[in-house]
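Accompanying notes for the structure given below.
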Amino acid sequence: MIERLCYVYGVVRPSLETSTAPAGIDGGTVSLIPGDDVAALATSVSADDYAPDKVEALTADVDWVSKRATAHDSVLTWASDNGPVIPFPMWTLFRDAKAVKAMLAKRKSEMEETFSRVSGGREFIVRVYVQPGVLKDSLLEQNSELRALEEEAGRASPGQKYLLQRKIENVRRDAGRDFAAKVAREIYDSLRDTSIDAIREQPVNSGAPREQGRAILNASFLVAAPRVVEFQRELTSMVNNYEPSGFKFDFTGPWPPYHFVGERSQ
């Protein structure tokens, strides 16, 4: 009966020194399982504790998952600080070191191709939100049609003014949507130009404070170390340009290249 499993965080170069690695899953030691020019970053865990049915059941326990997610990310962030890393998703488990080495041998060419794409960069995440109330006030400066309608409504009779106000609301809604989409494209394109690679995902509002507003951009950027300052300078320019109009920015990183390594399977 198998008593221990290999929990694999990701793949690194075999020259990585693990003596300074943080504690891994369940406080375990992080070590290397070497392959040919690549190595797996791993921790030995209890096969009973990490049986598939038990892990599936415990993923509903937020505290249990959170502790292990923190350890998983800490190990990968440490590895990324010390060299290139190909992150694996949580719960990547192998029967033993022999199985890990077989995986490394089978996927060697894939790993080398991935290293060639991501080894020079770190991941930064940019999320942008729009506050409709603030944007509403700034749209008059952005939209000449809206200004003209507001001026016309100011001179109109009560009956005409009601109809004009309905039209103004429709124009404002469409103008706000179009302007927010334009801003999101501009921010993404501008930051992508300073990056090795970029990925734009569906914006989501879950977890965002209510005061941040509606999500309009959720993007990850792989940035080479020599261009990080340029990337941050461009982002600062976007913040200074659009924050007064009701756009809020959420910026995190550097991270390991989570979004840029593709799907992984055993």
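The values are calculated or read from the model by the stated rules, or taken from the named source; none is laboratory data. Treat the numbers as computed from the prediction; the structure is a model and nothing was measured. In this analysis, Cβ positions are derived from the backbone assuming ideal geometry, glycine residues included, and neighbour counts consider all displayed protein chains. Just so you know, the surface numbers come from the protein's heavy atoms only, side chains and all, with ligands and any DNA or RNA stripped out. Shrake-Rupley method; radii C 1.70, N 1.55, O 1.52, S 1.80 Å.
Name the helices (runs of 4 or more DSSP H) wholly within the stretch 70-184 that hold at least 2 residues that are at pLDDT below 65 and more than 24 Å from Leu5 (Cα to Cα)?
132-142, 144-155
Give the residues of the stretch 10-53 that are under 16 Å from Phe94 (Cβ atoms) and in a helix (DSSP H, G or I), sorted by residue number.
Scanning the stretch 10-53 gives Ile25, Pro52.
Working only within the stretch 46-82, note down all residues that are among the basic types (Lys, Arg) and over 16 Å from Val8 (Cα atoms).
Matches in the stretch 46-82: Lys54, Lys67.
Does Leu58 qualify as being open to solvent by less than 60 Å² (accessible area, probe 1.4 Å), at pLDDT 95 or above and of a type in the set (A, V, I, L, M, F, W, C)?
So Leu58 fails the test.
Among the candidates Pro244, Pro226, Pro254, which residue alone is at pLDDT below 90 and either outside any helix (DSSP H, G or I) or farther than 30 Å from Val100 by Cα (or both)?
Pro244
Pairs needed: first member in the stretch 57-85, basic (Lys, Arg); second member anywhere, assigned to a loop (DSSP other than H, G, I, E, B); C-beta distance under 9 Å; at least 6 residues apart or different chains.
What qualifies is Arg68/Met90; Arg68/Trp91.
Looking at this structure, is Asp49 more than 22 Å from the chain's Cα centre (by Cα) and free of Cβ contacts under 8 Å to residues at least 24 places away in the same chain?
yes
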